[in-house]
Amino acid sequence: MLEAFLEGLSQLGQPVAIAAVVSGTIVGVLFGAIPGLGSVIAMAVLLPFTFGWDAYVAMFLFAGIFGTASTGGAIPAILLNTPGTIANVCTTLDGHPMARRGEAGRALGLAAAASGLGTLFSILVLAMLLPAAKVLILAFGAPEFFWLVILGLVAVTLASRDNLVKGLAAGGVGILMSLIGLSLVFGQVRFALDSEFLYDGLPVVPLVVGFFALSELMVYTSRGGSIATVGEGLAKPGVRQTVGGALEVFQYKRVLLRGSIIGTVLGAVPGVGGAVANFLAYTTAKQASKTPELFGTGYAGGIVASESANDAKDGGILLPTLTFGIPGNVEMVILMGAFVLHGITPGRQLLVYNLDIVWAIILGVIAAQILTTIIVISGGGFLARLSLIPVRYLAPVVAVVSFLGVYAIRSNPWDLLLAVVAGCIGYLMRRAGFPLITFVIGFVLGNTAERSFVQSLQVSEGSYTIFFSSPISIIIIIAILVFAGSPLIKYWFDKYTATRKAKLAS
């Protein structure tokens, strides 16, 4: 463990690694500050360009991006009342009223410090759990991995509670799409339509770039105008006021700690992520406060609660991704794509043979957060103006860069066509209310589920009892039932509560 840590630290000290962290941080903050873009599109666009890079350098770049976008998203949330990412929604409730009072710098300082401290807390928890995770991962066999994949799919599907049926349908289609091409289990080519392009299956990078980057651009292009409208609070905040706000965060230690814990725990649950942590931390802070009436009026504690939680999810969300190979959100899907692109296998092999890569990611996130805090404190007002760039100028640039990146990997024109088709399908899915994340995670985990299922039956010589024979499998099955039954339990509880209130009223 110590040797891996020292190796990761030595790699971070290389000039090219420092340049990668700085570049990733700047890109993450810029894309986070532009509402609707965020780390997903940034990582999807840059993923192909890392082909041929040293694995450490690529991981430092992505650590800088996904570890800082939420912090960047606080800038337009405070100055424009437009959250840069969905995880910054609650930041608008107190951040923008503070900006309208002329305290934009104070709000930005609070957000930057809370985000940085929340991330550091979650990364510290991740580092402490790594030794235990390494021991635990060795106790997992094929049956346990099969149930773990099912748990991940169920958790991600239930995260889109607005339409559970559409979430299940999207995830199922994603699993079916993952079966295209040569099966490494059965040695047969499936659903390839006699196409050499589909022989090895659908490539991940064009699919991800199309679904997330191009489809999002289609949404904004069809709407026209700029990504954000002109709002109040655009005046550049003073550095002195911003530094004062950053120091003020320590007056809300309980709120900061509570938000960090909520973000870390919920981040470890696949499909939950920063948005849910943001809302729960804000609501919990308001309920626990002696002055709940101050929330929503420009109260500093509200900013601390929301920003500490939405950034603390980074450490939590890395835990299932690095230890079990189960991506907790879209950013982790792209990170797993980067692993594959650079010959790294997440999960058991990563912790046993490539632990130095894990430490490189952890140290990269820490370095990026420190740099982000400096950037937000010194240049938040300028970054917010990026939200006002007209889409007609922004969309072509992002599209061209996306196409160049997709083509650079294999120099295959069919990859460009796949990206365009995926973008159109993703746009239609967005319009119809189908969650893209369940489709992509279904696509990523489909082969893993099939492989674990078949390996289990081979070990047991065809007996299905192997799936229920270990304590770990039983625990995971119970967790699946709890997740799957939670909507029904909530429905029964709400119905019982409504009936009881009606009886009391009569």
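The values are calculated or read from the model by the stated rules, or taken from the named source; none is laboratory data. Since the model is a prediction, treat every value here as computed from it, not as a measurement. All Cβ positions, glycine included, derive from the backbone under ideal geometry; neighbour counts span all protein chains shown. Surface accessibility is based on the protein's heavy atoms, side chains included, excluding ligands, DNA and RNA. Shrake-Rupley method; radii C 1.70, N 1.55, O 1.52, S 1.80 Å.
Annotations for the structure displayed:
- Sole residue being surrounded by 21 or more Cβ atoms within 10 Å (Cβ to Cβ), of a type in the set (A, V, I, L, M, F, W, C) and within 29 Å of Tyr220 (Cβ to Cβ), chosen from Phe403, Phe439: Phe439
- For the range 126-147, the set of residues classified as closer than 30 Å to Gly462 by Cα and either at pLDDT 75 or above or under 19 Å from the mean Cα position of the chain (by Cα) (or both) consists of Gly141, Ala142, Pro143, Glu144, Phe145, Phe146, Trp147, listed by residue number.
- Any hit, the range 27-45, residues being buried (at least 24 other Cβ atoms within 10 Å of the Cβ) and closer than 13 Å to Leu363 by Cα: no
- Test: residue in the range 463-473 that is among the aromatic types (Phe, Trp, Tyr), over 23 Å from the mean Cα position of the chain (by Cα) and open to solvent by less than 70 Å² (accessible area, probe 1.4 Å): yes
- Unmet requirement for Gly259, which otherwise passes all of (1) under 26 Å from the mean Cα position of the chain (by Cα); (2) modelled with pLDDT under 80: (2)
- Checking Phe49, Phe60 one by one, the residue that is modelled with pLDDT of 80 or more, assigned to a helix (DSSP H, G or I), over 13 Å from the mean Cα position of the chain (by Cα) and surrounded by 24 or more Cβ atoms within 10 Å (Cβ to Cβ) is Phe60 and no other.
- Against the criterion of being touching a residue at least 60 places away in the same chain (Cβ under 8 Å), of a type outside the set (Lys, Arg) and assigned to a helix (DSSP H, G or I), Gly485 does not qualify.
- Filtered residues of the range 284-314 (kept if closer than 25 Å to Ala63 by Cβ and not aliphatic (A, V, I, L, M)): Ser306, Glu307, Ser308, Asn310, Asp311, Lys313, Asp314
Yes/no matrix, rows are residues, columns are (1) surrounded by fewer than 24 Cβ atoms within 10 Å (Cβ to Cβ); (2) at pLDDT 80 or above; (3) at positive phi; (4) among the aromatic types (Phe, Trp, Tyr):
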residue	(1), (2), (3), (4)
Asn88	no, no, no, no
Thr91	no, yes, no, no
Asp94	no, yes, no, no
Gly102	yes, no, yes, no
Ala107	no, yes, no, no
Ala114	no, yes, no, no
Phe121	yes, yes, no, yes
Leu124	yes, yes, no, no
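- Filtered by the rule that a residue be farther than 23 Å from Ile41 by Cβ and either open to solvent by 10 Å² or more (accessible area, probe 1.4 Å) or acidic (Asp, Glu) (or both), the range 299-319 gives Tyr299, Leu319.
- Matching residues, the range 13-26, being surrounded by fewer than 23 Cβ atoms within 10 Å (Cβ to Cβ) and over 18 Å from Gly72 (Cβ atoms): Gly13, Gln14, Pro15, Val16, Ile18, Ala19
Matching residues to (1) in contact with a helix residue (DSSP H, G or I) (Cβ under 7 Å, 6 or more places away or on another chain); (2) at pLDDT below 75; (3) more than 20 Å from Gly8 (Cβ to Cβ); (4) outside any loop (DSSP other than H, G, I, E, B):
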{"residue": "Lys286", "(1), (2), (3), (4)": "yes, no, yes, yes"}
{"residue": "Lys290", "(1), (2), (3), (4)": "no, no, yes, no"}
{"residue": "Leu318", "(1), (2), (3), (4)": "yes, no, no, yes"}
{"residue": "Ile326", "(1), (2), (3), (4)": "yes, yes, yes, no"}
{"residue": "Met336", "(1), (2), (3), (4)": "yes, no, no, yes"}
{"residue": "Gly343", "(1), (2), (3), (4)": "no, no, no, no"}
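- Matching residues in the range 63-74 - criterion: being assigned to a helix (DSSP H, G or I) and either free of Cβ contacts under 8 Å to residues at least 40 places away in the same chain or within 18 Å of Ser306 (Cβ to Cβ) (or both): Ala69, Ser70, Thr71, Gly72, Gly73, Ala74
- Pair list, Cβ under 6 Å, 6 or more apart: the range 246-260 residue among the polar types (S, T, N, Q), other residue part of a helix (DSSP H, G or I) and open to solvent by less than 30 Å² (accessible area, probe 1.4 Å): Ser260/Gly118; Ser260/Ser308; Ser260/Ala312
- Matching residues, the range 192-219, being modelled with pLDDT of 80 or more and touching a strand residue (DSSP E or B) at 6+ places or on another chain (Cβ under 8 Å): Leu198, Tyr199, Gly201, Leu202
- Check on Ile441, part of a helix (DSSP H, G or I) and within 24 Å of Phe51 (Cα to Cα): yes
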